Amino acid sequence: MSDVNVLPELKQIVGALLFVSKQPLSVADICRVLKQVAEVWGGNTKDFAAATEEDIQGALDQLRADLAEKRLGVHVTEVANGFRFENDASCGPWLRHLLERGKPTRLSRPALETLAIIAYRQPILRSEIEAVRGVQVDQIIRNLLEMQLIKIVGRSELPGRPWQFGTTQKFLEHFGLKNLMDLPGVEELRRLEDDQLRRTAAETPASEGEAAAGEGTAPVEGAAEGEPAGDEAGEPGKEESAAVEGAEEEVEDEDEDEYDDEDEEDEDEEEEEGEESS
């Protein structure tokens, strides 16, 4: 074997650092490591201490292009103010089976709502979160703290000095955000809501539209069969008033019949009384 040590390329060093790091590395982090290694090891490692942030960014871009070209199942992504390796999403089922993870963990809707309030209004008090949601959030906050998605960032100046909460770097990593500025703004949220409404409207069953069309064509069919159309057919208000008038006439006829019957009975009684007196 040869005793000559082959000096790696800058992109190799950068790739190795990303591979072993447990958290995303920024360009400044990589620069700091290169300078510290040059001070400790000396020799050829001093050549990399002169690497600028532009050189490291170029190495990251080259590494990213190589991985995409060779399709190795991993890629470099920028998240949480740094860079890291991530597996391709298409390889997820095999990785979950190997790691015995099962289905990916998902946050409940109440947890997502609470987390969104903290992310947009941090630092925020528990009482302020409850005022927005209208329910107690003690257990949800404990769960989010255990998941390391939020943290205690300080104390308020209010009486009792309650805790204030904010998001963590793991929150950025979990949602694939570079920083908090990547959170969708009000206009983008409104656009997403409009898109959701349009999708919901598009998914409306076609049967409703057919039923509405059938109702609209019913009067035309009736006219074709010889029934009166338009004003001749009568408006709903006129039909209702005509029905009421007809009912009133029937009541009046019944009352007249009753009066006639009563008159006949009175005449019969007078005749009987006249016969008895005679």
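In whole percents, the pair-distance distribution calculated for region 1-160 from its alpha-carbon pairs, binned every 10 Å from zero, is 8, 25, 23, 23, 15, 5, 1, 0. Between VAL79 and ARG84, the built amide H atoms are under 5 Å apart, and every one of these is 5 or more places off in sequence or on another chain.
Averaging Cα coordinates gives a centre for region 159-204 and one for region 1-77; these two points are 34 Å apart. A compact globular protein would have a Cα radius of gyration near 2.2 N^0.38 Å; the ratio found for region 57-120 is 1.50.
Taking amide H as placed 1.01 Å from N in the peptide plane, the amide H of VAL153 sits under 5 Å from that of GLN164, PHE165, GLY166, each at least 5 places away or on another chain. Surface analysis of region 52-209 yields an accessible area of 70 Å² per residue, using protein heavy atoms and a 1.4 Å probe.
Listed values for region 170-180 are Karplus-derived 3J(HN,Hα) couplings in whole Hz (6.51 cos²θ - 1.76 cosθ + 1.60, θ = phi - 60°), namely 5, 4, 5, 5, 5, 9, x, 9, 6, 7, 5, and x replaces Gly and Pro. Each peptide in 20-33, 162-175 was scored by the mean count of other Cβ atoms within 10 Å over its residues; highest first, the order is 162-175, 20-33.
Measuring nothing but protein heavy atoms, the accessible surface of region 1-101 at 1.4 Å probe radius is 54 percent carbon and sulfur. Using a probe of 1.4 Å on the protein chains alone, the accessible area found for LEU95 is around 60 Å². Here the accessible area is traced with a 1.4 Å probe on the protein chains. For region 121-207, carbon and sulfur cover 52 percent of it.
The values are calculated or read from the model by the stated rules, or taken from the named source; none is laboratory data. Computed from a predicted structure; not experimentally measured. So basically every Cβ, Gly included, is an ideal-geometry build from the backbone, and we count neighbours across all protein chains shown. The accessibility values were calculated without ligands, DNA or RNA, using every heavy atom of the protein model including side chains. Shrake-Rupley method; radii C 1.70, N 1.55, O 1.52, S 1.80 Å.
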